[in-house]
Structure formats: structure tokens, C-alpha cells
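Beneath this line is the structure, given in C-alpha cells, with notes to follow.
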Amino acid sequence: MEPVTETSTQARSPARGGLYAVLMARAAGLPNDDLLARMLVSQAGGQSALPAGLGLASCDFRALMGRHFPGFGLPAQLARAPDFGERGVEWDDLLALLMQYRAGADASETWLALIVATACMGGDHLWQDLGLWQRADLSQLMARNFPELTALNIRDMKWKKFLYKQLCDRAGVYVCRSPTCEACVDYAKCFGPE
Ligand code: SF4
């Protein structure tokens, strides 16, 4: 398991720290246990854009919890996977991108592809909408689960912008305002601190 870094309000909150500790006490010792615990803690505290069940269908969420935190109790009723309406095509494209680049090392990569695509529908920085505790958590998630995709982010573009830029480069659907980032007036929105 990876150590907790006390770098956020979530980490400093006794209540959140309590839930995190309970989850990690039941963690299976698999890749992503720690990151999933952070997301679950934030979601439970209303500090992410993810719905109950991290946006997964109830069967997938049950499978995730059973695999990563065996013995942890689940609510009787779990939310259904969200319907994004007109943004469903966008969500589908993001999911397809992430699925294509799965590392193929762990079953949780598929769940994380679904979770990350869902969090991209939020309006804040992706790491915050995922309920992660710092941007480095998201960088770790991407590097572990989607390493070849991560390797393409050679200039450390903000993650949500980076994912949409991949879609833009592929299909020209999500049109950037400039053919090159260097000449773009939105450069600061895509690069720099999150
Ligand atoms: S800097 Fe401009 S061109 Fe580059 S990804 Fe952002 S919006 Fe698109």
C-alpha cells in the first residue's frame, strides 16, 4: 500500500481520515487500492463530482469493492450509472480512448477508465472531480493504468485538457482555437498548475 500524504483538507479531516483508515484496513493490497479509497472518501463527503458508486453500474461497483476492500459494507441501494444525455457521445469517446490505452496489468483499469470518463463530465480540475487529494494522485493513476497514454503527455498538460486534446487530434471533433498550442490564446488554460 502507498503512504498517505497529508497535503489536503480531505487528508486533514478526522472524519475523512477515519473512513480512509477503515477502507485501507480492509484493502486487498492491489494496485489502485489507495487511490480508490481516496475517491470513495471524497465522494462520501461530497467533495467530488462523482455520484454514489463512483459512477459505476451497481454490479461493477460491488465487484470493485469486493475486490479492493473485501468485507467493507455497502449501502443497500446503489446509484445507477449516470446518463449524460447529449454529452453521452463525448463520454463514449473518452472511455474508448482510455480503454484503448489500458496497461493490461490489473482488472481495475477498466473500472478506472469508466470513473475517469465520468469525472471528465465535471466542471473542475479532473483530479478534484475524481475526489483525489492532489494532482500527483491523478498523475500516478494515469501512469499506472494508462502508461502509454501518459507518455504522450510530454509537456505535462492539465489532464482533462490532455484527454480532450487526444480526441481533437484524432477526429477534429473537439476543435481547439489554434492549430498549435504555442500560438493559442488558451495556452494558460491547458498548461500550468492545477
Ligand atoms: S493550448 Fe490551445 S491548441 Fe493547445 S490544447 Fe489547449 S486549447 Fe487546444
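The values are calculated or read from the model by the stated rules, or taken from the named source; none is laboratory data. Note that the coordinates shown come from a computational prediction; the quantities given were computed from them, not determined experimentally. With ideal geometry, Cβ positions are generated from the backbone for all residues, glycine too; neighbour counts draw on all protein chains shown.
Summary of values
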{"item": "Residues of the range 92-107 classified as surrounded by fewer than 22 Cβ atoms within 10 Å (Cβ to Cβ) and part of a helix (DSSP H, G or I), total", "result": "7"}
{"item": "Where Leu23 falls short, out of the listed (1) part of a loop (DSSP other than H, G, I, E, B); (2) of a type outside the set (Asp, Glu); (3) surrounded by 15 or more Cβ atoms within 10 Å (Cβ to Cβ)", "result": "(1)"}
{"item": "In the range 55-68, the residues that are part of a helix (DSSP H, G or I) and either without any contact (Cβ under 8 Å) to a residue 60 or more places away in the chain or under 20 Å from Gly29 (Cβ atoms) (or both)", "result": "Ser58, Cys59, Asp60, Phe61, Arg62, Ala63, Leu64, Met65, Gly66, Arg67, His68"}
{"item": "Answer from Met121, Met142 - the residue that is at pLDDT below 95, more than 16 Å from the ligand (Cβ to nearest atom) and within 22 Å of Leu56 (Cβ to Cβ)", "result": "Met121"}
{"item": "In the range 114-137, the residues that are touching a Phe, Trp or Tyr at 6+ places or on another chain (Cβ under 8 Å), under 18 Å from Leu64 (Cβ atoms) and of a type outside the set (Asp, Glu)", "result": "Ala117, Thr118"}
{"item": "Residue under evaluation Phe84, criteria (1) modelled with pLDDT of 90 or more; (2) in contact with a Ser or Thr (Cβ under 9 Å, 6 or more places away or on another chain), criterion not met", "result": "(1)"}
{"item": "Residue tally, condition of a type outside the set (S, T, N, Q), part of a helix (DSSP H, G or I) and crowded, with 20+ Cβ neighbours inside 10 Å, over the range 110-151", "result": "15"}
{"item": "Residues of the range 169-194 classified as under 22 Å from the mean Cα position of the chain (by Cα), within 10 Å of the ligand (Cβ to nearest atom) and modelled with pLDDT of 80 or more, total", "result": "4"}
{"item": "Any hit, the range 159-168, residues being modelled with pLDDT under 95, more than 16 Å from the ligand (Cβ to nearest atom) and out of contact with any Lys or Arg (no Cβ under 8 Å at 6 or more places or on another chain)", "result": "no"}
{"item": "Number of positions in the range 137-163 that are free of Cβ contacts under 8 Å to residues at least 60 places away in the same chain and farther than 16 Å from Pro31 by Cα", "result": "15"}
{"item": "Condition check for Val89: loosely packed, with under 14 Cβ neighbours inside 10 Å, of a type in the set (A, V, I, L, M) and within 16 Å of the ligand (Cβ to nearest atom)", "result": "no"}
{"item": "Test set (1) under 18 Å from the mean Cα position of the chain (by Cα); (2) in a loop (DSSP other than H, G, I, E, B); (3) at pLDDT 90 or above; (4) not hydroxyl-bearing (Ser, Thr, Tyr) - Ala28 fails condition number", "result": "(1)"}
